[in-house]
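Each reported figure results from applying straightforward, stated rules to the coordinates on display, with no laboratory input. Everything numeric here is computed off the predicted structure, so don't read it as measured data. With ideal geometry, Cβ positions are generated from the backbone for all residues, glycine too; neighbour counts draw on all protein chains shown.
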Amino acid sequence: MGLTAAIFVYAQSLLGALVGSRWALHQCFGGSQLCDVMYTHIFGLVPPTVATLAVVLISWRTPALHPALRRLANMSGVLLVLQLVLGVATFRLHLQVEPLTVSHQAVGAALLGSLVAFTVLALRDWAENREIEAKI
Ligand code: HEM
């Protein structure tokens, strides 16, 4: 599930890069151009949001989870909420508040990083412990 969430966040970030690099927000508000790019990024929030929340909920429901994995899952949840708030603020304020726009990009990268770290550690944890499970 961590890998799925990371892939969805990566795809959503690429869409965000398309919005930023093609100036889609202003083109859409100004001349109704590139609105499809802008709206794909907005509605594209659904898959990464569902997948990241699934990571958080599953980690809450797994009692024997490694503390580092639990911390990374919770961190991903907090970064996701922050990212959505920053995205909406960037959109509604029409990119006028630069720190918000830059933070939206930085928090997107941090969210991707936390999910990649979760996936790598979860795989290592699984590889190290699968013998214990096999013996039980
Ligand atoms: C999980 C959710 C999201 C992720 C991972 C994400 C990621 C990103 C990233 C990485 C960028 C910057 C690309 C770049 O400048 O190279 C970006 C740009 C942008 N995002 Fe998002 N985003 C998310 C949700 C949203 C939402 C919900 C909105 C608005 C309702 C939004 C609005 C925007 C806008 C307007 C830009 C363009 C900023 C500019 O032109 O510089 N994003 N997004």
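Of all residue pairs spaced 6 or more apart or on separate chains, none has beta-carbon atoms under 6 Å together with a first member in the range 27-48 that is under 17 Å from His104 (Cβ atoms) and a second member that is within 10 Å of the ligand (Cβ to nearest atom) and outside any helix (DSSP H, G or I). Search the range 43-92 for residues being of a type in the set (Lys, Arg) and assigned to a helix (DSSP H, G or I), and hand back the single one that is nearest to the ligand (Cβ to nearest atom). My answer is Arg92. Can you find even one residue in the range 83-104 that is β-branched (Val, Ile, Thr), under 21 Å from Ala117 (Cβ atoms) and exposed (fewer than 14 other Cβ atoms within 10 Å of the Cβ)? No, that holds for no residue. When we screen Ile42, Ile7 for residues that are among the aliphatic types (A, V, I, L, M) and over 30 Å from Trp126 (Cβ atoms), the only hit is Ile42. Take the conditions (1) farther than 18 Å from Ala51 by Cα; (2) part of a helix (DSSP H, G or I); (3) within 11 Å of the ligand (Cβ to nearest atom); Trp126 misses just one of them, which is (3).
Contact map, the range 54-66: first residue closer than 15 Å to Leu123 by Cα, second residue part of a loop (DSSP other than H, G, I, E, B), Cβ cut-off under 8 Å, separation 6 or more or different chains; pairs are Val55/Met1; Ser59/Leu65.
If you go through the range 13-22 and pick out every residue that is free of Cβ contacts under 8 Å to residues at least 40 places away in the same chain, of a type outside the set (A, V, I, L, M) and surrounded by 14 or more Cβ atoms within 10 Å (Cβ to Cβ), you end up with 1.
If a residue has to be surrounded by 16 or more Cβ atoms within 10 Å (Cβ to Cβ) and assigned to a helix (DSSP H, G or I) to count, how many in the range 28-42 make the cut? Number satisfying all stated conditions: 4.
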